[in-house]
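J.: Below is the structure I would like to discuss, written out as structure tokens.
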Amino acid sequence: MPKVYSGDLTKMFDISGKKAMIFGGAGGFGKAIAEGYAANGCSVCISSRSEAKLQEAVKDIEKVAAPGVKVMYIAGDAADEEFVKKAVEVVTGPDGIGGCDILVNAQGINKKMWSWEIDTDFFKKMLDTNITSLMLTCKHFGNWMKSNNIEGAEKIEESAFEHGKANPNQGYGKIINFGSVRGIRAVANGGNGNVPYNTTKGAVEMLTKAYAADLRPNIQVNAIGPTITYTPMMVGLLPPDEKVRNGIAGALPAQRIGYEIDVVGPAIFLGSAASDMVTATTIYPDGGLVATS
Ligand SMILES: NC(=O)c1ccc[n+]([C@@H]2O[C@H](COP(=O)([O-])OP(=O)(O)OC[C@H]3O[C@@H](n4cnc5c(N)ncnc54)[C@H](OP(=O)(O)O)[C@@H]3O)[C@@H](O)[C@H]2O)c1
């Protein structure tokens, strides 16, 4: 049966005891979410390519982790299907965090290139990192969730569905993909040279909706679409001075650009039972950018 929350009203946002896999987990947004999850009692495995950055990030996450929380990492390229398969095995196994309730896809790369001089090889690399890797992690962690997160769930008979082939799997889970305001908005402050990046982020919007349809009913798949934020990805692309950076967003309701912490609340909501009826959509922690500019 599709799940409906009927528990303690004070526990709707509770993620304690859960297990989260966070790709891009040593980066700006990924690490902020890992810290937010671990502080709230959720065990985390972070992943990206640089082992040294992962080791540093694990130290920071452990400092804020609630008692009993396990923090670990696995290094590899999320665009490599063999690595993603191995990650499922390791992370959900006895040497990992023992399961996966929440998958976060916070990996990504960005390079501005004027449309008339796009480097085709780099364009393909951006597609691999920003979209193919999401397909791979949603596929393999989604499959794992469908078949393994079944405690207390009732089997759904295919005959219960009128149209097409139903997904009879009862497994539950939460998947959170990183889109961007640039997934639905072509031009903004500094919006030039964004054909490759915007293309990948537009694809994240639709990949998210289509996975939500396929993984129904108990795996919710949503996206977070932040506004520009001074994470390591944006060093060199945004002015180094904080006041100047926030000045870029002076006309917006929030009167500042994003900070890494801004995505943590949405990620806790989307990782918790409070969002059980929220699926196939995007939350924009954008300070009002999409609606007002
Ligand atoms: N910052 C912004 O203004 C902004 C705004 C909207 C959306 N976003 C999106 O938010 C997400 C997180 O970005 P961020 O700003 O936190 O950037 P970040 O600090 O650069 O973090 C990105 C992470 O992705 C990892 N990564 C890159 N390629 C990878 C691959 N092939 N396999 C596995 N991991 C890979 C990087 O580590 P390694 O290089 O070690 O692999 C890094 O840890 C991205 O999807 C980005 O597009 C960012």
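Every number here is computed from the coordinates shown, using simple stated rules; none is lab data. These figures come from a predicted structure and were not determined experimentally. Cβ: placed from backbone, ideal geometry, glycine included. Neighbour counts: every protein chain shown.
J.: For region 217-292 and region 57-113, what is the separation of their C-alpha centers, rounded to whole Å?
T.: 21 Å
J.: Which of the lysines could be linked to LYS112 by a straight reach, that is with a Cα gap under 18 Å, when you skip same-chain ones fewer than 8 residues away?
T.: Hits, sequence-local ones excluded: LYS124, LYS125, LYS201.
J.: Would you work out the relative contact order for the chain, in percent, from Cα pairs under 8 angstrom that are 6 or more residues apart?
T.: 20 percent
J.: To continue, here is another question. When the chain is modelled as a GNM with alpha-carbon springs shorter than 10 Å, which of VAL64, VAL235, VAL44 fluctuates the most?
T.: VAL235
J.: Checking the cross-link filter: which lysines have an alpha carbon closer than 17 Å to that of LYS174, excluding same-chain neighbours under 8 positions apart?
T.: LYS3, LYS11, LYS18, LYS19, LYS139, LYS146, LYS209
J.: Another one. What residues qualify as long-range amide H neighbours of GLY173, i.e. H under 5 Å apart, gap of 5 or more or another chain, H built at 1.01 Å from N?
T.: Placed amide hydrogens put ILE219, GLN220 under 5 Å from GLY173.
J.: So which residue, out of THR231, THR92, THR200, gets the largest mean-square fluctuation from a GNM of the chain using Cα contacts under 10 Å as springs?
T.: With Cα springs under 10 Å in the chain, the top fluctuation among THR231, THR92, THR200 is at THR231.
J.: Give me Rg over Rh for the chain, both radii from the alpha carbons and Rh done the Kirkwood way, two decimal places. Can you show the working numbers first?
T.: Working: Rg = 18.8 Å, Rh = 19.5 Å.
My calculation puts Rg/Rh at 0.97.
J.: Mind listing the long-range amide H neighbours of VAL104? Cut-off is under 5 Å, sequence gap 5 or more, other chains count too, H placed in the peptide plane at 1.01 Å from N.
T.: MET21, ILE22, PHE23, ILE176
J.: Calculated from DSSP H runs of 4 or more alone, at -39500 (n - 2.57) each and per residue, what is the 222 nm mean residue ellipticity of the chain, nearest 500?
T.: Working: 9 runs with 100 residues, N = 293.
Helix-only estimate at 222 nm: -10500 deg cm²/dmol.
J.: When the Karplus curve 6.51 cos²θ - 1.76 cosθ + 1.60 is applied with θ = phi - 60°, which whole-Hz ³J(HN,Hα) does each residue of region 86-92 get, with x for Gly and Pro?
T.: 5, 4, 4, 5, 5, 5, 7
J.: Sticking with this structure for a sec: Going by amide H atoms built from the backbone, whose H comes under 5 Å of the H on THR282, apart from near neighbours?
T.: Those lying under 5 Å, H to H, from THR282 are ALA223.
J.: Pick from GLY41, GLY152, GLY99: which is most flexible by mean-square fluctuation in a GNM of the chain where alpha carbon atoms under 10 Å apart are linked?
T.: The residue that fluctuates most here is GLY152.
J.: Which whole-Hz ³J(HN,Hα) couplings does region 48-56 yield from phi under the Karplus relation 6.51 cos²θ - 1.76 cosθ + 1.60, θ = phi - 60°, glycine and proline marked x?
T.: Per-residue couplings from phi come out as 6, 7, 7, 5, 4, 5, 5, 4, 5 Hz.
J.: Quote the relative contact order of region 22-107 in percent (integer), defining contacts as alpha-carbon pairs under 8 Å separated by 6+ residues. The partial results should precede the final answer.
T.: Details: 151 pairs, mean separation 29.7, N = 86.
Relative contact order here is 35 percent.
J.: Same structure, new question: Expressed as an acute angle from 0 to 90° and rounded to the nearest 10, what is the orientation of the C-alpha long axis of helix 28-39 relative to the principal long axis of the chain?
T.: 40 degrees
J.: Could you tally the net charge around PHE123, taking each other residue with its Cβ under 14 Å from the Cβ of PHE123, Lys/Arg +1 and Asp/Glu -1? Don't jump to the answer; show the numbers that get you there.
T.: Values: positive: LYS111, LYS112, LYS124, LYS125, LYS201; negative: GLU117, ASP119, ASP121, ASP128.
Here the count lands on +1.
J.: Next up: Need one number: % antiparallel among DSSP beta bridges in the chain, to the nearest 5.
T.: Numbers: 0 of 28 bridges.
In the chain, DSSP labels about 0 percent of beta bridges as antiparallel.
J.: Also: Using each residue's phi in region 123-137, evaluate 6.51 cos²θ - 1.76 cosθ + 1.60 at θ = phi - 60° and report the 3J(HN,Hα) Karplus result to the nearest Hz, with x for Gly and Pro.
T.: Once θ is set to phi - 60°, the couplings for region 123-137 become 4, 5, 5, 5, 4, 4, 6, 8, 9, 4, 5, 5, 4, 5, 6 Hz.
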